[in-house]
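Here the structure is laid out as structure tokens; the discussion comes afterwards.
Nothing in this text is a laboratory measurement; each read-out follows from the coordinates by a stated rule. Just so you know, these numbers come straight off a predicted model, no measurement behind them. Neighbour counts are summed over all protein chains in view; Cβ atoms, including those assigned to glycine, are modelled from backbone coordinates with ideal geometry.
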Amino acid sequence: MNNIIELKNINYGYSSSSALKNINLGIEEGDSVAIIGPNGSGKSSLLKLMNGIIFPDSGEYLFRGKIIDSQNLNDKTFLKKFHKSIGFVFQNSDSQLFCQNVYEEIAFGPRQMQFSEDEINSRVRDCLEMLCIDHLKHREPYHLSEGEKKKVAIAAVLALNPEVLVLDEPMNGLDPRIKRFMKELLIELNKAGKTIICATHEFEYIGISYYFA
Amino acid sequence: MHIPDNYLSPQTCAVMGAIMIPVWTVAVKKVKEEITAKKVPLLGISAAFAFLLMMFNVPIPGGTSAHAVGATLIAILLGPFPATIAVSIALLIQALLFGDGGILSFGANCFNMAFVIPFAGYFIYTNLKKIWKGEKDEIVIAFIAGYIAINLAAMFAAVEFGIQPLLFKDAAGLPLYCPYGLSVSIPAMLISHLIAGIVEGVVTSGVLLYIRRVSPEIIHADSGKKTNFKPMYILLAAMIVLTPIGLIASGTAWGEWAVDELKDKVATVPANIEKGFRLSAPLQDYNLTVPSLTNVTVPSGVVKTLNMDPKTSLSDIIGYLISAVAGAALLLIIFRILSSILKKGKEPARNE
Amino acid sequence: MTNWLSKKDEYYPPKDRDLFIDKSILSVLTMMSGIRWAGKPENGVYYRINATLKFIFTFVLILLLSLSQSFQFILLCDCFIILTMGMLDAGDIKRTAIVIFIAGIFASLILLPSALMGNFHNSANLFLKIIGNLAAVNILANSTKWSHLTRSMKVIKLPDIFILVLDITIKYIFILGEYSINMLYALRLRSVGRNDRKHQSIPNLMGALFLKSKEMAELTYSAMECRGFDGRYLSSWKFRMKMEDFIYSGANFLVIALFFCI
């Protein structure tokens, strides 16, 4: 069992209600997983937990065998490596885009990784082509349509080349054409070796599903 | 630069509140002229934005980070009158609903942050734009506007603090509220706002840079809308000159200050008060004068007390005014230098 | 699929200081948790006292506290305030105590030079005033629903439309606060190395926040208009005195009376 992500007896709750109760989950590298369940069932909390934004009240979260808790993430080097390994696409694309144009948005990650200007250029170009948004590269993310914003957000996260891609309801608010595009993209990414984890209501393209009540 | 309660006497707070009432009244009137009464509730969203701006921790070149007020930015984006209202509401909610304090000093805080900063910043920004018309200059102009505005507000706060020991003393001549006079409060406020000013400048110029790239048409200051701000600027200029004098004049009416009593304690002050104003060397005020110990007779016996700021006198106020003007000139010189450094540092984002 | 996506990187993150992101997140989160939404049924009796009374008496009390030069009155007032603090829930007591503790430390540091140089009596008074003031204001904020507090401002003759503005402000502090936190998380998650332009990162977020605010303002205005808003707003505030209101008022009047005696 070579689990890249392992959750053991995770409990996480707000003051009155418990969002996550006794969660046990193992995801292998290269899996394609859907987390499905009604609104309010704790899907978003689970995804945030997997990305180290929140920490469980009890239980353990292991990524590649290393415990992810607030103590370990205090080590800045470990923290950055962790965030590079697992990419998170938010449900709301607006809050995810904060640069002045699409090019800069996608270049943000590679710039942090201290790529040379040529490498950045090449990486951004690849991402733009993959998501078919090359014509948007000078545009401001703020003025794009929902579907275009979602593509930019995914491109910006992919630019980090994470091993795991976590998406929170990626199909929300997208028209059927873009939905089809996304589904094919995720299948391709999975084939290339990426572990895909989606909180979603639509799971035709997913291999394994975990139901949340 | 929020002033908490009890460092300023209630009398000072009342005066500052009284000054703000006409400012608020005019601001509300002007805002209602520009937007219909139906849209007035939406000022709440601007106030929410103003409130949240103060929550961010902003890094500056050099390694440190701090919080900004953002009032200059809001004045440039929305206009100075809406900015006054938005920042006032944000300060009210901070004080009352989040228990941050500053209820009695609300008037003073609004004066410093919701009146001085937006109007001074807006004035500097729009007038510098008339002189330096280049596109690249806009970043520098915004930085300077933010920097000077907050330092000006810091000066006002320093005066508000510094005159407390002057005006509000007990029978033994000891300060009742903020115990540090102008010679301490002015340098303290200015030095601490050297960094805060940079944060303010970074925020003002940085956010404008972003909005200019993404959605430039919404910036109020760039829209060329001509509103008559002259009365507010005149009021502001008058405040710069009159604040210390006005506060002292009202303070002497209330302060428990008897010239006769003072005569026994401090050698130089009575002579100055009786002779009137005397121009003293401005720099002298910024030396931390070491107060001297004297024996003072009070009803309960002989008490060893300290003459706080033995050289403090009304002449210090004149000295402050001169130093303020000199300080402003010095700031402008420093920022011309800084602007040339900034110009080299800030290159437009690389586009393909 | 492009080459680099199919390969796993050997990545060694460069060093960088980006505490400002976490500090900002903490700041916003702390603020959001301080918004008082609704009274819980298990709250003590102090929470049920009329908000207008609490507002007026808190204001009068801190005014008298500030004016007073009598050490005895200041001490008495502080004791009264701490007593009311004892009537809050444990969580609120803890919160208020922390605020007072930190403010007390800062105040004592600031006042220490003055106290040591002979101004001990007034410095002690000032210290107690600062503590009492902050305690009173925090007790008010923690024990009152914000909507009740905004409505109680009617007592200072604030027009109804201002109450509406205040209510909208608080609602949007929450909504825009959540938006800010998400943006800060997004920034944190993509901070995988060294950001050479970090002083532009927060201004970018602020700019995006501003645009979002503008957009929401337009939408809110449209929604209000569609539901018939024409600039007039009536907020009703029923004032009925209960037993606890009488007791509270009585106790406060006693303290106020003592201001003039002590």
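For chain C, adding -39500 (n - 2.57) for each run of n ≥ 4 DSSP H residues and dividing by the number of residues yields -24500 deg cm²/dmol at 222 nm. The C-alpha atoms of chain A define a longest principal axis, and helix A:146-158 lies at about 80 degrees to it. The charge dipole of region C:155-231, taken about its Cα centre with unit charges on the Cβ atoms of Lys, Arg (+1), Asp and Glu (-1) only, comes to about 580 debye. Comparing Cα centroids, region B:4-80 and region B:169-217 end up 14 angstrom apart.
Does region B:50-101 come out rounded, prolate or oblate by the C-alpha gyration tensor, with a ≥ b ≥ c the root eigenvalues, rounded set by a/c under 1.5 and, if not, prolate when a/b is larger than b/c and oblate if not? Oblate, since a/c reaches 1.5 and b/c is not below a/b. Taking the DSSP bridge list for chain A and keeping only pairs wholly inside it, about 45 percent are antiparallel.
Rg and Dmax over the alpha-carbon atoms of region B:20-93 stand at 13.8, 46 Å.
Each of A:83, B:220 was scored by other Cβ atoms within 10 Å of its Cβ. Listed from fewest to most, they are B:220, A:83. Here the Kirkwood formula, the inverse mean of 1/r across different C-alpha pairs, assigns region C:45-146 a hydrodynamic radius of 14.1 Å. Kirkwood hydrodynamic radius computed over region B:10-261 comes to 19.0 Å, based on all pairs of distinct alpha carbons.
Taken over the C-alpha atoms, region B:81-141 has Rg and Dmax values of 15.3, 45 angstrom.
Protection proxy ranking, highest mean first, for peptides B:157-167, C:65-75: B:157-167, C:65-75, where packing is the per-residue count of other beta-carbon atoms within 10 Å, averaged. Does region A:1-77 classify as rounded, prolate or oblate by the C-alpha gyration tensor (a ≥ b ≥ c root eigenvalues; a/c under 1.5 gives rounded; else a/b over b/c gives prolate, otherwise oblate)? Because a/c hits 1.5 or more and a/b fails to exceed b/c, region A:1-77 counts as oblate.
When the inverse distances between all different Cα atoms of region C:155-231 are averaged and flipped, the Kirkwood radius reads 15.0 angstrom. Expressed as a whole percent, the proportion of Cα-Cα pairs in region B:1-159 lying more than 27 Å apart is 24%. Within straight-line reach of residue A:21, meaning a Cα separation under 14 Å, sit the following aspartates and glutamates at least 8 residues removed in sequence or on another chain: A:57, A:60. Per-residue packing, averaged as other Cβ atoms within 10 Å, sorts the ranges B:17-28, C:131-142, B:119-130 into the order C:131-142, B:119-130, B:17-28, beginning with the highest.
Counting Cβ atoms of other protein chains within 10 Å of each Cβ in A:76-84 and taking the mean gives 6. Over chain A, the pair-distance histogram of Cα-Cα distances with 10 Å bins from zero comes to 8, 33, 36, 19, 3, 0 percent, rounded to whole numbers.
Shielding by partners for peptide C:23-32, expressed as the average number of C-beta atoms from other protein chains within 10 Å of each residue's C-beta, is 4.
With q set to 0.08, 0.15 Å⁻¹, the log10 of I(q)/I(0) for chain C, from the Debye formula over equal scatterers at the Cα positions, is -0.51, -1.20. Exposure proxy for B:147, C:11: other Cβ atoms within 10 Å of each Cβ, ordered fewest to most, give C:11, B:147. Shown for region B:10-261: lysine pairs separated by 8 or more places, or found on different chains, whose C-alpha atoms are under 21 Å apart, numbering 23. Cβ crowding within 10 Å ranks B:137, B:5, A:31 as B:137, A:31, B:5, fewest other Cβ atoms first. Screening chain C for whole DSSP H helices with an alpha carbon extent of at least 15 angstrom along the helix axis and a mean Kyte-Doolittle hydropathy of at least 0.5 yields C:19-33, C:51-67, C:71-85, C:90-116, C:120-143, C:160-189, C:243-261. Peptide B:34-41 shows a mean partner chain C-beta count of 6 within 10 Å per residue C-beta.
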